[in-house]
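Please treat every number below as a calculation from the coordinates, not as lab data. Everything quoted here is computed from the prediction, not taken from an experiment. Here the Cβ is made from the backbone with ideal geometry for all residues, glycine too, and neighbour counts use every protein chain on show.
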């Protein structure tokens, strides 16, 4: 199990990303708009740099919803491979069966 502080840190990052998502998208659109002047685009780049680092989605880490494990997490289920296997073997995941050929 991951430490509680690491889980809380990830939750805090997720909230920060959600809070600044619209503003980041707006600034990135200005930066990528070739019809605007270079000064406007540079100003938008500087404003983007002023946002908190944790507002960037690339700083988020997928973690297992049950254990907080950072590796081997299936996005579709939000669970790590170990817990997904346990739950699937108990038949709690609809439509998931053990492979056999």
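With n ≥ 4 as the cut-off for DSSP H runs, can you work out [θ] at 222 nm for the chain, using -39500 (n - 2.57) per run divided by the number of residues, rounded to the nearest 500?
Numbers: 3 runs with 51 residues, N = 101.
About -17000 deg cm²/dmol.
The list [x] 16.5; [y] 14.5; [z] 14.1 gives values of Kirkwood radius over Cα pairs in Å, and only one came from this structure; which label was calculated from it?
Looking at Kirkwood radius over Cα pairs in Å for this model, the match is [x].
Just want the ordering: 37, 56, from fewest to most Cβ atoms lying within 10 Å of their own Cβ.
So the residues, fewest neighbours to most, are 37, 56.
Got the relative contact order for the range 1-63 handy, in percent, Cα pairs under 8 Å and 6 or more residues apart? List each step's numbers first, then the result.
On the way: 37 pairs, mean separation 26.1, N = 63.
Once normalised by length, the contact order is 41 percent.
Would you please state the base-10 log of I(q)/I(0) at q = 0.15, 0.18, 0.19, 0.31 1/Å for the range 53-101, with intensities from the Debye formula using one equal scatterer on every alpha carbon?
Per q value, in the given order, log10 I(q)/I(0) is -0.47, -0.61, -0.66, -1.14.
Can you tell me how much longer the chain between residue 67 and residue 50 gets when fully stretched, taken as 0.36 nm per residue apart minus their C-alpha distance, in nm with one decimal? Each step should come with its number before you reach the end.
Working: separation 17, 0.36 × 17 = 6.12 nm, distance 3.41 nm.
Separation in residues times 0.36 nm, less the Cα-Cα distance, equals 2.7 nm.
Going highest first, how would you order 43-54, 69-80 by mean Cβ packing within 10 Å?
Details: 43-54: 13.2, 69-80: 14.8.
Sorting 43-54, 69-80 by mean packing, highest first, produces 69-80, 43-54.
Give me the extension gain from residue 7 to residue 32: residue separation times 0.36 nm, minus the current Cα-Cα distance, reported in nm with one decimal.
5.6 nm
Ranked by Cβ crowding within 10 angstrom, fewest neighbours first, how are 17, 93 ordered?
On the way: 17 18, 93 14.
In order of increasing Cβ crowding within 10 Å: 93, 17.
According to a simple spin-label model (label point 7 Å from Cα along Cα-to-Cβ), what is the distance in nm between residue 89 and residue 59?
Label at residue 59, label at residue 89, 3.9 nm between them.
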